[in-house]
Amino acid sequence: MLTLNIDYFKSKPVNIPKITILLERGYHPEHLTVEFKKVSPQILTKIKFELSEKPSREQKDAQGKSGFVPVKARWIIERLNAWMERCKILIKNFERTLDNATTKINICFIRLMIKRLAS
């Protein structure tokens, strides 16, 4: 996905702060860095990968929580997925091309933004 949108990162001026991409613990920033160097080495001056914080056992005990404690940044993505599931057009994917499927997702989020702006 990032390599398809590499032009976005290339268009950013060099003097701006790095764009931080927050990753879950399942991703490995060093592997992503190697792949980005293959695509465009100078792009790494504009992108920074960061692993999301996972609360330690001591932090959970201090908060009085036990077991699974959600990571805040992760739930942003989970909410987006839940909002997308409400779009009836996305229930089944009968699209033949990725462009058509992407357009349906964009329409879903445009509808969501319009509803929020209207209320």
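Matching residues to (1) open to solvent by less than 60 Å² (accessible area, probe 1.4 Å); (2) within 18 Å of Thr20 (Cβ to Cβ); (3) of a type in the set (A, V, I, L, M); (4) at pLDDT below 75:
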| position | (1), (2), (3), (4) |
| --- | --- |
| Gln63 | no, no, no, no |
| Phe68 | no, no, no, yes |
| Cys87 | yes, no, no, no |
| Thr103 | no, no, no, no |
- Condition broken by Phe49, with the remaining ones in (1) surrounded by fewer than 12 Cβ atoms within 10 Å (Cβ to Cβ); (2) modelled with pLDDT of 80 or more; (3) not in a helix (DSSP H, G or I) satisfied: (1)
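Could you please find all residues in the range 7-28 being among the β-branched types (Val, Ile, Thr) and either at pLDDT below 75 or part of a loop (DSSP other than H, G, I, E, B) (or both)?
Val14, Ile16
The values are calculated or read from the model by the stated rules, or taken from the named source; none is laboratory data. Here the structure is a predicted model, which is why all the values come from computation and not from measurement. Backbone-built Cβ (ideal geometry, glycine too); neighbour counts: all protein chains shown. In case anyone asks, the SASA skips ligands and DNA or RNA and just uses the protein heavy atoms, side chains included. Shrake-Rupley method; radii C 1.70, N 1.55, O 1.52, S 1.80 Å.
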